[in-house]
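Below is one structure, written out as structure tokens, with a few remarks after it.
Every number in this text was worked out from the coordinates using simple rules, so none of it is lab data. Predicted, not measured: the structure shown is a model, and the values here were computed from it. All Cβ positions, even for glycine, are placed from backbone atoms using ideal geometry, and neighbour counts span all protein chains on display.
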Amino acid sequence: MDSRLRLEVAEGVATLALDRPAKRNAIDQAMWEAFPGAIETAVATPGVRVLLLTSSTPGIFCAGADIAEFAARVHDEGWWAANRRAIRSAQQALVTAPIPTIAVVDGDCVGGGCGLALACDLRIASPRSRFGITPARLGLVYPLHDTRLLVDLVGPAQAKRMLYTACLLPAAEAAAIGLVTQLADDPLANARALAAEMRAVSPDSQRWTKAIIARILAGVRDDDAESEAMFDAARDGPDFAEGVAAFLAKRPARFRS
């Protein structure tokens, strides 16, 4: 794993921190390529129930992609194709992770960094954070997949405003339009408290719920054989048996980690 991505696991929570403060955590190609493996390692670690994506440095989340690298590769078509694949793979690793993912944002969250935050299930930010998607400042265009993640959260009109102007939204405004899930003076402490709540309930329910919401966002509008199979899998699983037993015995459920 790239040394500029730091993975730590404690109490059932994996924390993946960007660690390139001298460049305001700008993400270069090697970092993009390392993301899927880091996320896979986190998810595969026994007992991990939640993944936090954050920064090692207070006040800095991510300045986006490494623009200096863009300039050096401007005529390298093969590199640009590889870069697009790597960014999409990093985002997809978060989108498809079978556990809840939370972006913990303190500081500017821009461009590709904002794309990573969009790919998480939830976004918790400090009041000093700002959010922007700024390819219009460079004469580039945000990819369709990234744009869809934005539109799914804030709707087409707000997405157009952000993309057309390349503005940086204050955290309070980002929360008002649905880009930020929660504001907190200490977003990491807030995220850890939320992760503790998530660890207290069924991992099967979370996994299948995440899969169902993904299908809704992909355009599925009614139950079908696949969604019914998800329901059946949850009903036949050990978490349902434990949940019912705990309810009848009037005790807290003891779900497996």
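Axis angle, to the nearest 10 degrees, between helix 187-199 and the longest C-alpha principal axis of the chain: 30 degrees. Computed over the chain with a Gaussian network model linking Cα atoms closer than 10 Å, the most mobile of Ile216, Ile124, Ile177 is Ile216.
Here's how it looks for Leu169: its modeled amide H is under 5 Å from those of Phe131, Gly132, which are all 5 or more places away or on a different chain. If both residues of a DSSP beta bridge must be in the chain, then about 30% of such bridges are antiparallel.
If the chain linking Glu11 and Leu138 were pulled fully straight, counting 0.36 nm for each residue of separation and taking away their Cα-Cα distance, it would gain 41.5 nm.
Close amide H pairs (under 5 Å, H built 1.01 Å from N) link Val105 with Ile124, Ala125, Ser126, residues at least 5 positions away or on another chain. In the chain, taking the dipole from charged Cβ atoms about the Cα centre, the farthest positive-side position among Ser257, Ala81, Ala10 is held by Ala10. When Phe61, Phe70 are arranged by Cβ crowding within 10 Å, least crowded first, meaning fewest neighbours, the order is Phe70, Phe61. Going from the fewest other Cβ atoms within 10 Å to the most, the residues Ser55, Ser202 appear in the order Ser202, Ser55.
Each Lys and Arg Cβ is given +1 and each Asp and Glu Cβ -1; about its Cα centre, the range 157-257 then shows a dipole of about 300 debye.
Axis angle, to the nearest 10 degrees, between helix 144-165 and the longest C-alpha principal axis of the chain: 50 degrees.
Counted by neighbouring Cβ atoms within 10 Å, the residues Ile213, Ile99 run from fewest to most as Ile213, Ile99.
Here the sum of -39500 (n - 2.57) over DSSP H runs of 4 or more residues, divided by the residues of the chain, equals -15500 deg cm²/dmol at 222 nm, to the nearest 500.
Computed from the Cα positions only, the extents of the chain along the three principal axes stand at 63, 38, 36 Å, in decreasing order. Computed about the Cα centre, the dipole magnitude for the chain is approximately 460 debye when only Lys and Arg (+1) and Asp and Glu (-1) carry charge, each at its Cβ.
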